[in-house]
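See below for the structure under consideration.
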Amino acid sequence: MLRATLKSLLARKLRLVLSGLAVLLGVMFVSGSFVLTDALGRSFDNMFSSAMAETDVLVTARPAIDVSELEGESVPGMLAAADRDAVAAVPGVAEVVGVVQADGARVIGTDGKVVASFGPPRFGANWTGETGGLELREGRGPTSADEIAVNVTLAELSKLKVGDRVGVLTTQPKKLFTLVGVFGYEGGLPGQGPVHEVRFTEPVAQELMLGAPGAYTSLSVTAAPGTDPAALRDAIKSRLGDKYVVQTGQEAAAAIAGDFKTILSLFNNILLGFAGVALFVGTFLILNTFSIIVAQRTRELALSRALGASRRQVIGSVMVEALAIGLLASVLGLAAGVGVGALLAKLAADFSSLVLASISLPLAAVISAFAVGIGVTVIAALLPALRASRVPPVAALQEVATPDRPLTRLTVSGASIGALGAGAIAFGLATSGDAVMWLLLGGVLATFIGVSLLSPVLARPVVSVLGRLFSWSVPGRLGRLNSGRNPRRTAITAAALMVGVALITGVNTTISSADRSLRGDAETGFQADLIISGQESPGVLPTFDEALLPRMRAVPGIGTVTAEYNDQALINEEPSWAAAVTDLPAVVRDLSLVAVAGSLAQPGPGEVVVDDQNATEAGLTVGSTVTVKLPKGEPASYRISGVYQRAPFYGGYIFGTDVVPGMRFPQPSFAYVRLADGADDAAARKGLEALLVDSPEMLVEDKQQYLDRELGEGAQLLLMIQILLGLAIVIAVLGVINTLALSVLERTRELGLLRAIGLSRAATMRMITVEAVVITVFGVLLGVAVGIGLGAAVVQGLADEGLSTLSIPWPAIGLYLAAGAALGVLAAVLPAIRAARINVLTAIAHE
Amino acid sequence: MTTAAPPLIRQRAETSAARASQVWKVYGTGEAQVVALRGVDVELERGRFTAIMGPSGSGKSTLMHCLAGLDSVSRGQVFVGDTEVTGLNDAGLTRLRREKIGFIFQQFNLLPTLTAQENILLPLAIAGRKPDQQWFQTVIDTVGLGDRLGHRPNQLSGGQQQRVACARALVSRPEVVFADEPTGNLDSRSGAEVLGFLRRSVTEYGQTIVMVTHDAVAASYADRVIFLADGQIVAELTGPTPERVLDTLKSLDRTAQPGTEL
């Protein structure tokens, strides 16, 4: 039986190649993700351990405000000069270097723009000489207050040369420096990977980066010869007490790398999620292929049953086939995954000037490749195998294949599974807690399966309506009839396409609803004529010089300019954003805020205003007090002086300017501008822009421009998701090719007949193309319908978060339909050529 | 072509509907070479029913396929009407099949997705021609399918399916209808019906039909029987009866292949 199986396996190479390819692509995605994140992870390890090579013990202050990486940036704490002296006095300490290092030093490049970073920090630090692996590549270190050195990464990006005058933005407005040196790290490293670094003299670094003279962010301790770092760590710990984090250099490197790895593993999980979608789609393809194979082998299977094969042997013969494909696809997929992962890691490293560790094959990649590849194939083949075992021996003697079974059972189970899925989604959105994620995931999965089971019933009417579009020509009509011929096959092929399209449509609907809701509220709420703001990036809040405010107000045509300062703060021990405004009544007017309780007059010292949602959550009313801790300075009590209604685009705690000195960037990050009546808009704008010449990050925009930019991030997210779901779509298209190729094969005789009675080659190709287009458009329609449903559910669930309007992205959906039709044409190319090449004579003679 | 005129008057200067001249057909090369046709000359008269007979491997099917333009010839010329088939490219052959040739197959070869009527009209639809309602009605009446037109092939018996296939071949009034063992898959009663119908379409409507068959009774419906053996025409009968056909076959077996079979 095994030999018979393997022989028939070889005889059906084409369809097996296609379904194997689907598994291969999925496995490639999975193992590629593992290889990529593994290589990047070890690269980070290397980078940080080399940066810590000369540090035996590292002393850092506990973060002033501790926020997880995913919710924002934590605000580093500081050590004083006295702490350094205390550490230096510990026996066994050879040397203590005080390190000043904080994110937010932005260099203005030769083009007058701030050198952009795509996420990695832009450190401003003190020059500590050629220590810690640092090596000068050019020039010297800064020795006077107006000198800086930068790392190779930054020098290359900014195109600055030694001797240039350079503008640097820090927590203070732009200051000019002379670039005196460029440095790298030992072993030819250009720097700490993608990190930008600016080194000032120590007092300047303390002043500009920390706003605190004499303060450090960490102390790098070198042990005296013969002193064990761990013992020294304990000695320092007992000297300093619990206020600081004391780690050996290795521990510190591991801890920093650990933070990065948390992000990497999240990234890995996201990639695996998309790989999962691709594999889910691949399952459809395999299921379909095996169903068709079993249908075609009905006679053969019946014959083997008639000759005495048991049911178990029949199941076995199908499963062995699946196992062989799964195994082969896993091996090849794993190999391809290593290649793709290595390639992506190389690209990522080149892009971010990270020194890439060697590529290796993590065990997780191997295990998951085989588990996933073989698992998916075998599970998908199970149903067809069971069906095969039910072929009665008498079928060997009958001429016709078994008639189409009724779809009732399929429909009923599809409807119930789909309803279950929808229910799970509804319940998941309505509740909160850890189970939400799984409820939603399970719900979406069940919905997909349910709709897939329902799709054969839908196929008949939908395909017939769709096909009418092509019925004007004979090939079109024949193509339509062919696609309606085997509703199960058409449906499952289309359902595979549905999954990807539904996810894309769902995300797009959600994003477009968020966009519309926010825009709608903001368009009526925003009363400011112009908004001055900067693009936020991690760790840096772009600001401008507050000394400019009076000069802005003096620009002809300007009515009012209200500045807003922002930073993170701990309010009643909860991390929150704190805003400080120069004139609250103006902000209330410019943003159409509405008072709920108390007064919205400018908060005096010790007073704060809060939105109703935060007030309710924290149990605050007018008159109650909150403890506020800003990044700099000690906790202080503030009294709630007013409560306003949260606007979808504005909320949080609003202080007077008394909190500004406690902020890391004690400069305005926003300004709301009202023009005077009859003012020349363009001239006023030019005037403001001219004043902001030293703050190249700040933009002067009207409401529309501001919203377009802020909401543009949604479009980027959508693009990313579409790219990542591309693989699922590719696999679905493979499925369409597969189905068509099999149809052509099965209908060789028919095609021969059509050619014999005068159908031309071109018309034959058109017929196959119509069949393909009908299938793909049906799939896209299903996907769009399910996607809109999912999107609507999410919007409904997030109604509390300000998603007030459901906006269906019709133009994008039109595009998806057009793309679906185009994919159909593409998928039809090879099968159509094959059909057109059919030799009329052999097709007809073919028994 | 004067499609409006009744078929009987459709006569032209030349009388042959299809013609083969010194046709050779060779399969394979070297050791594995098989010669299926060896310089066959044959002329099939317009408005006549010709049967081609011969033992298996005699080349009768190959001859028909070459005459119909389904297969290429190795040497020689084939004409259908006044068109030279040999040397036509795929587009030319497609046009030829649309305009001048009708086929009837042993396996019926109907499209399962179409009704009987749609199957019958398919060649016209493919060619983008309007059916001649009167002629369509005549064909339907002749094959006796009037009440079955809305049925799909799987709702029809074998005989009925073959009658649909005959109607499909005739409805475009082709120069020649080629029938490849049209009764091979039918019981004798259904076979007789189909043959009777083919006979009538020759006698009453002047259709030209060429039929390949094994069956002496089927061949007896023809005006003329050509016998092939070893790729050559070896005998010919006009006005055949089943007995004469069988006698000829027997004599061929004795003379051409002494010691084999029978």
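The values are calculated or read from the model by the stated rules, or taken from the named source; none is laboratory data. This one's a predicted model, so the numbers in the text were calculated from it and none came from an experiment. FYI the Cβ positions are ideal-geometry reconstructions off the backbone, even for glycines, and counts take in every protein chain you see. Surface areas here come from the heavy atoms of the whole protein model, side chains and all, with no ligands, DNA or RNA. Shrake-Rupley method; radii C 1.70, N 1.55, O 1.52, S 1.80 Å.
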Taking A:V626 as the residue in question, decide whether it is more than 30 Å from A:D515 (Cβ to Cβ), touching a helix residue (DSSP H, G or I) at 6+ places or on another chain (Cβ under 8 Å) and of a type in the set (A, V, I, L, M). yes
Of A:L692, A:L688, A:L699, A:L711, the only residue that is under 29 Å from the mean Cα position of the chain (by Cα), of a type outside the set (G, A, S) and in a helix (DSSP H, G or I) is A:L711
Looking only at residues that are in contact with a strand residue (DSSP E or B) (Cβ under 6 Å, 6 or more places away or on another chain) and open to solvent by 40 Å² or more (accessible area, probe 1.4 Å) in region A:603-626, which one is nearest to A:D567 (Cα to Cα)? A:E607
State whether one or more residues within region B:179-201 are in a strand (DSSP E or B), closer than 22 Å to B:G102 by Cβ and open to solvent by less than 50 Å² (accessible area, probe 1.4 Å). yes
Considering only residues that are open to solvent by 10 Å² or more (accessible area, probe 1.4 Å) and at pLDDT below 85, which ones fall in region A:368-394? A:R387, A:R390, A:V391, A:P392, A:P393, A:V394
Counting only residues that are touching a residue at least 12 places away in the same chain (Cβ under 8 Å) and more than 9 Å from chain B (Cβ to nearest Cβ), which one in region A:469-479 is most open to solvent (accessible area, probe 1.4 Å)? A:F470
Select, from A:A799, A:A812, the only residue that is away from chain B (no Cβ under 14 Å) and in contact with a helix residue (DSSP H, G or I) (Cβ under 7 Å, 6 or more places away or on another chain). A:A812
Flag for A:L439 being assigned to a helix (DSSP H, G or I), in contact with a helix residue (DSSP H, G or I) (Cβ under 7 Å, 6 or more places away or on another chain) and not assigned by TED's automatic domain parsing to the domain that holds A:V784: yes
Tell me, yes or no, whether region A:415-428 has at least one residue that is modelled with pLDDT under 85, more than 14 Å from chain B (Cβ to nearest Cβ) and surrounded by fewer than 18 Cβ atoms within 10 Å (Cβ to Cβ). yes
Under the condition of being open to solvent by 50 Å² or more (accessible area, probe 1.4 Å) and not small (G, A, S), which residue from region B:137-152 is nearest to the other protein chains (Cβ to nearest Cβ)? B:R152
Across (1) over 44 Å from the mean Cα position of the chain (by Cα); (2) open to solvent by 20 Å² or more (accessible area, probe 1.4 Å), A:E746 clears everything bar (1)
Do we have A:I729 as crowded, with 23+ Cβ neighbours inside 10 Å, part of a helix (DSSP H, G or I) and more than 14 Å from chain B (Cβ to nearest Cβ) here? yes
Answer residue from region A:516-526, given it is part of a helix (DSSP H, G or I) and open to solvent by less than 40 Å² (accessible area, probe 1.4 Å) and is farthest from A:W810 (Cα to Cα) among those: A:G525
Could you tell me which residue of region A:228-259 is surrounded by the fewest Cβ atoms within 10 Å (Cβ to Cβ), considering only residues that are touching a strand residue (DSSP E or B) at 6+ places or on another chain (Cβ under 6 Å), hydrophobic (A, V, I, L, M, F, W, C) and under 19 Å from A:R62 (Cβ atoms)? A:V245
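Listed here are the residues, each with its yes/no results for (1) open to solvent by 30 Å² or more (accessible area, probe 1.4 Å); (2) β-branched (V, I, T).
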| site | (1), (2) |
| --- | --- |
| B:V78 | no, yes |
| B:T83 | yes, yes |
| B:G87 | yes, no |
| B:E99 | yes, no |
| B:F105 | no, no |
| B:T113 | no, yes |
| B:E118 | yes, no |
| B:L121 | yes, no |
What is the residue count in region A:318-365 for residues that are touching a residue at least 24 places away in the same chain (Cβ under 8 Å) and among the acidic types (D, E)? 1
Is it the case, given these coordinates, that A:G337 is over 17 Å from A:T283 (Cβ atoms), in a helix (DSSP H, G or I), at pLDDT 85 or above and open to solvent by less than 30 Å² (accessible area, probe 1.4 Å)? yes
Would you say A:S19 is in a helix (DSSP H, G or I), modelled with pLDDT under 85 and open to solvent by 20 Å² or more (accessible area, probe 1.4 Å)? no
Please work out which residue is nearest to the other protein chains (Cβ to nearest Cβ), limiting yourself to region A:752-772 and to residues that are open to solvent by 10 Å² or more (accessible area, probe 1.4 Å) and assigned to a helix (DSSP H, G or I). A:R761
Listing of strands (runs of 3 or more DSSP E) fully contained in region A:127-191 that carry 2 or more residues being open to solvent by 30 Å² or more (accessible area, probe 1.4 Å), within 15 Å of A:T201 (Cβ to Cβ) and without any contact (Cβ under 8 Å) to a residue 40 or more places away in the chain: A:175-185
How many of the residues making up region B:86-136 are among the polar types (S, T, N, Q), closer than 30 Å to B:Q22 by Cα and more than 8 Å from chain A (Cβ to nearest Cβ)? 3
Can you give me the number of residues within region B:161-192 that are free of Cβ contacts under 8 Å to residues at least 40 places away in the same chain and not hydroxyl-bearing (S, T, Y)? 6
With the structure loaded, tell me whether A:P461 is away from chain B (no Cβ under 14 Å), surrounded by fewer than 20 Cβ atoms within 10 Å (Cβ to Cβ) and under 30 Å from A:A835 (Cβ atoms) or whether it fails that test. yes
